[in-house]
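**Q** Pasting in a structure now, in structure tokens, and then I'll have a few things to ask.
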Amino acid sequence: MFGNFGWRHPKPASPPGLAGSADLAHPRETVRPPQGQSHDQKGQDMSHIRVVTWPRGGESLILRSLQAALGARAPWLAEASARDDGSDPAAAPPGTRLVIEHEEFPAGVVRRFAEAVAEGHPDGVEAFRRFASEEFGRFLDFMETWGNPDAPDGRLVVPREGLRADPAAWLAWASGALDPALLLEGTALEAAAAHLATLTAETPPPTLPDFVDETLAGQIGALRLRREAVRELFQSVMERPLEEKSVLHFQGMADLDHMRDALLRSREYKALQARKAAAQNPVGELAAEGLTDQQLRFAWKLFLARAPQPEELDRLRKAGGTLAKTRAALIRSPEFLRLFNRLRGMGASGDEPRVLVHIHVPKTAGTSFNGILRAQVPKEAWLPLTVETMGDLLRLPMEARRAIRLVTGHVEHGVGQHFPQETLYLTILRKPGPRLFSFYLFVRRTPTHPLHRMVSEAQMSFADFLRNADRLPGLRNELDSGQMRRLAGMLRPQFLGREEEAFARAVHNLFSPDMIFGLTEDFDGFLQRLLALGIITQAPPLRENISPERDRFEAEVAALPPDARAIYDRFLHWDSRLYDICSAYLAGAKQPEGV
């Protein structure tokens, strides 16, 4: 049944005190006797000695060797027994000295499995895999109860692999630790070491079953976590039971935090989140052509806040059936325009003044807009805020929050939930490509920007900047469709990979009654709408929209290498869709009804 076991270890440990000694590969224990063991203390009354062994009681190599070497010099040792597997953790009587001898887990579990099969336990690779998984928990229990060499009872913890690697060193240490007067030295130590070497040769590490391949053997040698803990964590994150064939893999991870991180990065977890988002958003694959009736109904309800009648659904289907044509038909419909304009007029007056929250998307003319808004409120009613300084708001008492009339800064959607009064969100979107390039130039020319030193010292080109942003989550979340992420309230790096959900939330937020949006490319038109609605009382004179960066932007994009261009296109994907929806709506809102 068993083939050659073949556990591989580095150079055997040297005796105590010698330089160059090396631990075995398994990190939980060492095969080196404890350093600095003192043998000059007075002897102890060894009226009783308790020897506990793993994987099973009944044999102890160190005990048999010491009994043979010391004989009549230690009668109390001759009476000791190794038939103790540690299952009874009760404290030993006073004066008892504990000796704990254990195999490394891989060798021990093979020995235990062979015994279990002989007693009728199922054989085979699947049975062995599960047996090792469960047995590792019992091994941890044993080591936690008995295997601490620093316990106050002065126990001796002896790894059997150490006895095989350097019998003389371990015998000298163990004999002197039990009683300094019995310290083995010279020819007596040589004879005892030879006897121990004979015993270890008679009880070598067990051999692996033939069905255990190198991968499975490596997994068993790397176990760290308890079976129950990894199964429970997997179930809580992945929302399904963990297959038996994968349990050992997760038990080999460094800790549960590493396991959780690995699960959250997995394709399966991302697919699970995508399915959840799809369940909430039946439109599903937003880029798909040929929408189903269910998707058309969802789109109708999203834009018009009601379910369509059968004839209305038929007209929408005949409008083209694709996402782009469906979106255009809905946002240009007279009903949508009337609904939108009616909602914009709601909340303009009331018993309690509302708070204006400017979601300042970087490089969208937001700084100019902030100046206009600040002129509308007293200085003490204005709160500058960012995602990073949200704590400033949360520390304010509710009455102080009630007095705030304006919040400006690089915040994300959701700030309003922390105010007792109604909130009206204001934001400006910009064409994603020029915004991304403008952000890069701003970083380069602004010494106070946190990224300036990194960009300027490395003399990063636009392509280099894109490559760095792609591998730095804290920067990528701003540049990779950062407008969508900010307006969805999903700007933090942990939301990367949930773009469809963010897109649906951003669209919902933009077209909610508590949001008014405009475009950088029609900044003056945005201000005129705010004037007409009474949101602001004055605005600067109309100005011509001129972008001095346009020619350079187009040249830089055209010169991007293929890898950087792929990053650039991916960064623009969702923001471009969002911008197109908003631009199409605003363009339609300027036309007479029915056009």
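Each reported figure results from applying straightforward, stated rules to the coordinates on display, with no laboratory input. Keep in mind that this is a model prediction, so the values were computed, not measured. Please note: Cβ atoms are built from the backbone with ideal geometry, for glycine as well, and neighbour counts cover all protein chains shown.
**Q** Order these peptides, 513-525, 560-572, by their mean beta-carbon neighbour count within 10 angstrom, highest first. Could the numbers behind the result be given before it?
**A** On the way: 513-525: 18.6, 560-572: 15.9.
Final packing ranking: 513-525, 560-572.
**Q** Give me the percent relative contact order of the stretch 224-277, please, defined on Cα pairs under 8 angstrom at least 6 residues apart. Don't skip to the end; give the middle numbers.
**A** Numbers: 45 pairs, mean separation 21.6, N = 54.
Once normalised by length, the contact order is 40 percent.
**Q** At q = 0.23, 0.24, 0.29 Å⁻¹, what base-10 log of I(q)/I(0) does the Debye formula yield for the stretch 222-265 when every alpha carbon is treated as an equal point scatterer in vacuo?
**A** Once normalised to I(0) and log-transformed, intensities are -0.69, -0.76, -1.12.
**Q** Moving to a separate point now. Relative contact order of the stretch 49-202, please, whole-number percent, based on alpha carbon pairs below 8 angstrom and at least 6 residues apart.
**A** It comes to 28 percent, rounded to a whole number.
**Q** Excluding PRO310 itself, what net charge comes from residues whose Cβ is under 15 Å from its Cβ, given Lys and Arg +1 and Asp and Glu -1?
**A** +2
**Q** Could you work out the relative contact order of the stretch 354-419, using alpha carbon pairs under 8 angstrom and six or more residues apart, expressed as a whole percent?
**A** Numbers: 73 pairs, mean separation 33.4, N = 66.
Value for the stretch 354-419: 51 percent.
**Q** Now a separate question. Around LEU466, under 13 Å between beta carbons, what's the net of Lys plus Arg minus Asp minus Glu among the other residues? Don't skip to the end; give the middle numbers.
**A** On the way: positive: ARG467, ARG471, ARG476, ARG565, ARG570; negative: ASP464, ASP470, GLU478, ASP480, GLU556, ASP563, ASP569.
My count for the surroundings of LEU466 gives -2.
**Q** Non-local amide H neighbours of ILE428 (under 5 Å, H modeled in plane, Pro and chain starts lacking H): which ones?
**A** Distant-sequence amide H within range of ILE428: VAL361, GLY518.
**Q** I'd like to compare 367-379, 387-399, 222-234: which one has the highest average count of other Cβ atoms within 10 Å, and what's the full order after that? Before the final figure, lay out the partial values.
**A** Numbers: 367-379: 14.5, 387-399: 11.4, 222-234: 18.2.
In descending order of packing, they fall as 222-234, 367-379, 387-399.
**Q** Just to confirm a number: summing +1 for Lys and Arg and -1 for Asp and Glu over residues other than GLU457 whose beta-carbon lies under 13 angstrom from that of GLU457, what do you get?
**A** Charge balance near GLU457 sits at +1.
**Q** Hey, what's the Kirkwood Rh for the stretch 49-202 if you take every pair of different alpha carbons, in angstrom?
**A** Numbers: mean 1/r = 0.0608 Å⁻¹.
For the stretch 49-202, the Kirkwood estimate is 16.4 Å.
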